[in-house]
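Asks: Please find one structure pasted underneath; my questions will follow.
The values are calculated or read from the model by the stated rules, or taken from the named source; none is laboratory data. Predicted model only: the values in this text are computed from it and were never measured. A quick note on method: Cβ atoms are made from the backbone with ideal geometry, for glycine too, and the neighbour counts reach across all protein chains shown. Accessible surface is based on the protein model in full, side chains and every heavy atom, while ligands, DNA and RNA are left aside. Shrake-Rupley method; radii C 1.70, N 1.55, O 1.52, S 1.80 Å.
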Amino acid sequence: MTLLITAFAAIFSTILWYTKPKSVMQLGTLCLIYWGASLMWLVDAVVEYIELGAAYFTPAVSDMLNDAFLGLSVVALGLIIWLVRVLVRDPKGTVHDRILK
């Protein structure tokens, strides 16, 4: 579930980046965060499949629920990291203008 959730987030953010390549919102960074997380979960899934074999494809419901919460947490953390980066870089100068007022 973690791989699936982060892969969907990576695909969605890539589509957003591809439709707006000159965006000042640094969507490329968000894409890299999610594709990195997807790659990490892919390696984790391969290693777990090597260890468990066919049992990998029949997880318990509680394991699936825990993985879903972990995947959503990773997506939320990626959004928070991206948001902090955008606020620190302040591409439109909005935060700078608000602080000076």
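Asks: Based on what the data block shows, is V24 part of a helix (DSSP H, G or I), loosely packed, with under 13 Cβ neighbours inside 10 Å and either hydrophobic (A, V, I, L, M, F, W, C) or free of Cβ contacts under 8 Å to residues at least 24 places away in the same chain (or both)?
Replies: When the stated conditions are applied, V24 does not pass them.
Asks: Evaluate the following for V46: is it of a type in the set (A, V, I, L, M), part of a helix (DSSP H, G or I) and under 16 Å from T2 (Cβ atoms)? Outline the logic, then answer.
Replies: Numbers: of a type in the set (A, V, I, L, M): yes; part of a helix (DSSP H, G or I): yes; under 16 Å from T2 (Cβ atoms): yes.
The answer is yes for V46.
Asks: Related question: For the stretch 11-21, how many residues meet the condition of being closer than 26 Å to D44 by Cα and outside any helix (DSSP H, G or I)? Before you say what the answer is, go through the steps one by one.
Replies: Taking the stretch 11-21 and keeping what is closer than 26 Å to D44 by Cα, we get 11-15.
Next, only the ones that are outside any helix (DSSP H, G or I) stay: none.
Of the residues in that region, 0 qualify.
Table: residues versus (1) touching a helix residue (DSSP H, G or I) at 6+ places or on another chain (Cβ under 7 Å); (2) aromatic (F, W, Y).
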{"site": "T29", "(1), (2)": "yes, no"}
{"site": "Y34", "(1), (2)": "yes, yes"}
{"site": "S38", "(1), (2)": "yes, no"}
{"site": "Y49", "(1), (2)": "yes, yes"}
{"site": "P59", "(1), (2)": "no, no"}
{"site": "N66", "(1), (2)": "no, no"}
{"site": "A76", "(1), (2)": "no, no"}
{"site": "K92", "(1), (2)": "no, no"}
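Asks: Okay, next question. Scan the stretch 1-21 residue by residue and report those that are surrounded by fewer than 14 Cβ atoms within 10 Å (Cβ to Cβ) and either within 11 Å of G71 (Cα to Cα) or of a type in the set (F, W, Y) (or both).
Replies: The answer is Y18, and nothing else.
Asks: Any residue in the stretch 90-98 that is out of contact with any Gly (no Cβ under 6 Å at 6 or more places or on another chain), more than 13 Å from T2 (Cβ to Cβ) and touching a residue at least 40 places away in the same chain (Cβ under 8 Å)?
Replies: Checking the stretch 90-98: at least one residue is out of contact with any Gly (no Cβ under 6 Å at 6 or more places or on another chain), more than 13 Å from T2 (Cβ to Cβ) and touching a residue at least 40 places away in the same chain (Cβ under 8 Å).
Asks: Do we find a residue being within 30 Å of V95 (Cα to Cα), part of a helix (DSSP H, G or I) and hydrophobic (A, V, I, L, M, F, W, C) anywhere in the stretch 3-10?
Replies: yes
Asks: Oh, and also: Given the residues V74, V84, V88, V61, which is the only one that is open to solvent by 70 Å² or more (accessible area, probe 1.4 Å) and under 19 Å from the mean Cα position of the chain (by Cα)?
Replies: V84
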